[in-house]
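K.L.:
Take this structure first; my questions come after.
Computed from the coordinates by the stated procedures, all read-outs in this text should not be read as laboratory data. Treat the numbers as computed from the prediction; the structure is a model and nothing was measured. When we count neighbours, we look across all protein chains shown, and the Cβ atoms used for this are built from the backbone with ideal geometry, even at glycine.
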Amino acid sequence: MKVSIIANRSEKSQQAMAKLTKLIAATEIEINDKQPDIVISIGGDGTLLSAFHRYVHLLNKIRFVGIHTGHLGFYTDWRDYELEKLLTSLLNDEGQSVSYPLLDVRVTFYDNKESQHFLALNECTIKRMTQTMVADISIKKELFERFRGDGLSVATPTGSTGYNKSVGGAVIHPRVNVLQMTEIASLNNRVYRSLGSPLVIANDEWITIALAEADDYLLSIDQLNLPQSKIKQIEYRIADERIHFTASKHTHFWRRVKDAFIEKSSEEKDLEIHDF
């Protein structure tokens, strides 16, 4: 087995990486950053998103493991004090995985430069920097509405608990293979009239956003902000690729949601009592 380890810069994460590296050195597992079988992320969801985009070209060959060194992580099943147990699970790994859908994003431009293609684990957001954004939205090539407002967010089911939720979108279980579009501060009047509620799109359909010509759009792919000029159109659909996580320890999705937004897990409560 070959693994790659990616950690954020926090002291706790760096300490966990050093300890895990030492533990792995005493086994037959090889650390290989170029062609890993498993990518281990140490930090939080942001660190795992960075790891995902680093290895996006190898998604059909690799699986991910998330170790969180803070208090909350939707993609991180292990804690930094469980490194020995994690190593045991890797040594006994049988290749089983849990997979989540991804968002396929294709961008074309008014100036006819080459189109761009991205994959997103959480969401893609399009906004204008200086004015309200105007866009014609089509679903499966049929015009649905003309939108005017601050912007639009299109999310995967796993991304539905992030920015999508904060702008009024629904939380969707990742076994539901759909994408969701949510309006950001839409303006509704006699000229511009949009639905005003999130849209959940089936996996055999796609969304096309045709934009008015401008040079101040901001395109966000997960945590990456990409200033783009002359964007003509963005097409969103469920990607053929999926992200795969090792299945040795996998927290139930609705437990993650409960721990994140409703109450702390019993594990976190026990840790707080111990720290006190």
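K.L.:
Quickly run through region 193-213 and pick out the residues that are assigned to a strand (DSSP E or B) and free of Cβ contacts under 8 Å to residues at least 40 places away in the same chain.
P.N.:
Scanning region 193-213 gives a single hit, V200.
K.L.:
Here's something else I'd like to know. Could you please find all residues in region 78-125 being over 17 Å from Q233 (Cα atoms), surrounded by fewer than 16 Cβ atoms within 10 Å (Cβ to Cβ) and charged (D, E, K, R)?
P.N.:
Residues satisfying the conditions are E82, E84, K85, E94.
K.L.:
What is the residue count in region 84-114 for residues that are basic (K, R) and closer than 21 Å to V56 by Cα?
P.N.:
1
K.L.:
Still on this structure, please answer the following. It is to be established whether one or more residues within region 148-170 are part of a strand (DSSP E or B), of a type in the set (A, V, I, L, M) and in contact (Cβ under 8 Å) with a residue 60 or more places away in the chain.
P.N.:
Yes: region 148-170 contains one or more residues that are part of a strand (DSSP E or B), of a type in the set (A, V, I, L, M) and in contact (Cβ under 8 Å) with a residue 60 or more places away in the chain.
K.L.:
If you don't mind, another one. Test Y75 against the stated conditions and say whether it is buried (at least 17 other Cβ atoms within 10 Å of the Cβ), of a type outside the set (V, I, T) and in a loop (DSSP other than H, G, I, E, B).
P.N.:
When the stated conditions are applied, Y75 passes them.
K.L.:
Conditions first: (1) of a type outside the set (G, A, S); (2) surrounded by fewer than 16 Cβ atoms within 10 Å (Cβ to Cβ); (3) in contact with a strand residue (DSSP E or B) (Cβ under 7 Å, 6 or more places away or on another chain). V134 passes all but one, so which condition is the exception?
P.N.:
Just one mismatch for V134, condition (2).
K.L.:
So for region 73-88 (the condition being more than 18 Å from L20 (Cβ to Cβ) and touching a residue at least 60 places away in the same chain (Cβ under 8 Å)), does at least one residue qualify?
P.N.:
The answer is yes, given that some residue of region 73-88 is more than 18 Å from L20 (Cβ to Cβ) and touching a residue at least 60 places away in the same chain (Cβ under 8 Å).
K.L.:
Go through region 21-55 and give me each residue that's surrounded by fewer than 17 Cβ atoms within 10 Å (Cβ to Cβ), in a loop (DSSP other than H, G, I, E, B) and out of contact with any Lys or Arg (no Cβ under 6 Å at 6 or more places or on another chain).
P.N.:
Across region 21-55, the qualifying residues are A26, T27, E28, D33, K34, Q35.
K.L.:
Also, quick follow-up: Determine which single condition H57 fails, assuming it passes every other condition in (1) on the phi > 0 side of the Ramachandran plot; (2) free of Cβ contacts under 8 Å to residues at least 12 places away in the same chain; (3) under 18 Å from the mean Cα position of the chain (by Cα).
P.N.:
(1)
K.L.:
Being under 18 Å from the mean Cα position of the chain (by Cα), on the phi > 0 side of the Ramachandran plot and either surrounded by 15 or more Cβ atoms within 10 Å (Cβ to Cβ) or not in a loop (DSSP other than H, G, I, E, B) (or both), is that true of even one residue in region 222-235?
P.N.:
Checking region 222-235: at least one residue is under 18 Å from the mean Cα position of the chain (by Cα), on the phi > 0 side of the Ramachandran plot and either surrounded by 15 or more Cβ atoms within 10 Å (Cβ to Cβ) or not in a loop (DSSP other than H, G, I, E, B) (or both).
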